[in-house]
1. Limiting things to C-alpha atoms, what are the Rg and the maximum Cα-Cα separation (Dmax) for the stretch 47-155, in angstroms?
2. What order do you get for 37, 43, 209, 132 when you list them from fewest to most C-beta neighbours inside 10 Å?
3. What is the stretch 104-172 by shape, rounded, prolate or oblate, if you read a ≥ b ≥ c off the alpha carbon gyration tensor as root eigenvalues and call it rounded for a/c under 1.5, prolate for a/b larger than b/c, and oblate otherwise?
4. So what is the relative contact order of the stretch 192-251, in percent, for Cα pairs below 8 Å that sit 6 or more residues apart?
5. Exposure proxy check: 141, 241 ranked by fewest other beta carbons within 10 Å?
6. Quick one: order 213, 124 by neighbouring beta-carbon count within 10 Å, fewest to most.
7. Under the definition of Cα pairs under 8 Å and six or more residues apart, what whole-number percent is the relative contact order of the stretch 126-166?
């Protein structure tokens, strides 16, 4: 496969709806009737809208898991919603592998490095506070909690762990340029999909990325000048066919 035949699609879309769910943190007492959520009707309305009006089929288990992650994420960067398997692992209190790379991470879109121990393997590899760990041994960190990430960074002494690291602000367009270099692509082989012409395309188009605007939600009817508008418009992600992508990025 030639490098020109490879392409990458970034889906960067402002959320169309915001949602929360009723849940409890580990060990927290159940709320009494007086403490019940007064905005529960809003929550139910949002669920109804997602089920009945979203433009594509919805996996409600994923939606609710995302809602609970978001609920915990709004508290602080150290709070996290844990999946049942993660809770069982912690409650089992099994000893962790002795090997430690010397990183302390927290969740901030990916896993953000907030500490590097002097003389540690991470320090010798050049990692710095503020770096973002995008993958651990090929596993994306986007949906990992800081707790799960720290466990994945441990191993037997002398073993190896592979990290994909981004240095800089992950929302900075130049970070996508770094990702392109890692994947062996040029910007004109990458499609960046967004929905808000006020901010989604003005920074990334000058770098050479191909841009697509999806017309949905609150931004669908916004007019945009040439600098803020994408190269192409679509109404559904289903329109991102092989033919469409080939016409935009070339063979």
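1. For the stretch 47-155, the Cα-based Rg and Dmax read 16.5, 55 Å.
2. Least to most surrounded, the residues fall as 37, 43, 132, 209.
3. It is oblate, given that a/c is not under 1.5 and a/b is not larger than b/c.
4. For the stretch 192-251, the relative contact order is 35 percent.
5. Placing the least packed residue first, the sequence is 241, 141.
6. So the ranking, lowest neighbour count to highest, is 124, 213.
7. 58
Bear in mind these aren't lab numbers, they're just calculated from the coordinates by the rules spelled out. Because the structure is predicted, anything quoted here is derived from the model rather than measured. As a convention, Cβ positions derive from the backbone with ideal geometry for all residues, glycine included, and neighbour counts pool all protein chains shown.
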